[in-house]
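Have a look at the structure below, then the notes.
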Amino acid sequence: MIKILKLLIIIIKYANLFLRYLKYNLKHKDMKMNSIGLNKTETKKLANNLNMLLANYQMHYQNLRGLHWNIKGKNFFELHLKFEELYNDAQIKVDLIAERILTLEAQPLHTFKDYIEISEINEAKNISNDEKAIQIIADSFSIILKIERKILDLSAQLNDEGTNSMMSDFITEQEKTMWMLNSWLA
């Protein structure tokens, strides 16, 4: 008897999932879909936001490289290694963002001219002071997190689990990094 009830519960769950799938497809049947089943028009908006994130990440990455090279003072060894860790992570994220844009059948930005034009993160030139460097990184992460949260909302509305999952992972990691940066600055 218990096995039958468990089986019925599983059948009901799958039936509900199937009904949600049918309801979604009926609601969006007139819309043009891309190869991964997402609305093409809405996906363009999402890709534009991902390109904004990409541009900001590229500026963040370049700033981290400069901070890594130019840091001076008693915290040099600690920060030199930390900045390298952060720019290696940023480089990986840049690639993931660009590949996600391509997956959504859009074109990732790839020139510094484009990055500079749309990035909210400004260049940080010739910074060697540890507190200024950490503040620049914290400010950059604040901008990045704001953009990622917007993308998280858009991707949830589109039922784009791939982008949503990526943003969720990025946000979780960066919130912890922000806590650490703010603790260092305190």
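For the stretch 1-105, what is the convex hull volume of the alpha-carbon atoms per residue, in Å³? Could you put the intermediate results ahead of the total?
Values: hull volume 15.9 nm³, N = 105.
Output value, Cα hull per residue: 151 Å³.
Exposed loop trypsin sites (Lys or Arg not before Pro) only (DSSP loop, at most 14 other Cβ atoms within 10 Å): please give the longest stretch of the chain free of them, not including the sites. Display every interim value, and only then the final one.
Values: sites that count: K29, K32, K72, K74, K125.
Here the longest run is 126-186.
Could you list H68, H60, H80, H110 in order of exposure, starting from the residue whose Cβ has the fewest other Cβ atoms within 10 Å?
On the way: H68 19, H60 25, H80 15, H110 11.
Final ranking by Cβ density, sparse to dense: H110, H80, H68, H60.
So if we plug the beta-carbon distance of N16 and A138 into 1/(1 + (r/R0)^6) with R0 = 25 Å, what FRET efficiency do we get, rounded to 0.05?
Values: r = 44 Å, r/R0 = 1.77.
Calculated transfer efficiency: 0.05.
Compute the long axis of helix 130-158 from its Cα atoms, compare it with the longest principal axis of the Cα atoms of the chain, and write down the angle in degrees, 0 to 90, nearest 10.
Value to nearest ten degrees: 10.
Which FRET efficiency value, to the nearest 0.05, is calculated for I9 and D95 with the Förster distance at 35 angstrom and r the Cβ-Cβ distance?
On the way: r = 42 Å, r/R0 = 1.21.
Efficiency, from the Cβ-Cβ distance: 0.25.
Taking the Cβ of each residue in S35, S140 as the centre, tally the other Cβ atoms inside 10 Å and list the residues starting with the fewest.
Working: S35 9, S140 25.
With the fewest neighbours first, S35, S140 line up as S35, S140.
Let me spell out the model: positive unit charges on the Cβ of Lys and Arg, negative unit charges on the Cβ of Asp and Glu, origin at the Cα centre of the chain. What dipole size does that give, in debye rounded to 20? Kindly include the intermediate steps, with their values, before the conclusion.
On the way: 24 positive and 23 negative charges, 189 e Å.
So the magnitude is around 900 debye.
Hey, what's the per residue convex hull volume over the C-alpha atoms of the stretch 102-180, in cubic angstrom? It would help to have the intermediate numbers written out before the result.
Details: hull volume 8.3 nm³, N = 79.
Given the Cα convex hull of the stretch 102-180, per-residue volume reads 106 Å³.
Expressed as a rounded percentage, what relative contact order does the chain have, with Cα pairs under 8 Å and six or more residues apart? Walk me through the numbers on the way to the answer.
Working: 168 pairs, mean separation 46.2, N = 186.
Relative contact order here is 25 percent.
For the chain, find the longest principal axis of its Cα atoms and tell me its angle to the long axis of helix 2-27, 0 to 90°, nearest 10.
Between the helix axis and the principal axis of the chain, the angle is about 70 degrees.
Under the Kirkwood approximation applied to all pairs of distinct alpha-carbon atoms, what is the hydrodynamic radius of the chain in Å?
On the way: mean 1/r = 0.0535 Å⁻¹.
When all Cα pairs of the chain are included, the Kirkwood radius is 18.7 Å.
If you stretched the chain out fully between H80 and A156, how much longer would it get, using 0.36 nm times the residue separation minus the C-alpha to C-alpha distance? List each step's numbers first, then the result.
Working: separation 76, 0.36 × 76 = 27.36 nm, distance 3.76 nm.
Fully extending the segment from H80 to A156 adds 23.6 nm.
Arrange the following residues from fewest to most other Cβ atoms within 10 Å of their Cβ: Y115, Y14, Y57. Intermediate values should be presented prior to the final figure.
Values: Y115 20, Y14 10, Y57 26.
So the ranking, lowest neighbour count to highest, is Y14, Y115, Y57.
How high is the FRET efficiency between K72 and K23 when r is their beta carbon distance and R₀ equals 41 Å, given to the nearest 0.05?
Working: r = 61 Å, r/R0 = 1.48.
So the FRET efficiency works out to roughly 0.10.
Values quoted throughout were computed directly from the atomic coordinates according to the rules given, and no laboratory measurement underlies them. These numbers were taken from a predicted model, which means no experiment stands behind them. Ideal geometry is used to build each Cβ from the backbone, glycine not excepted, and the neighbour counts take in all protein chains shown.
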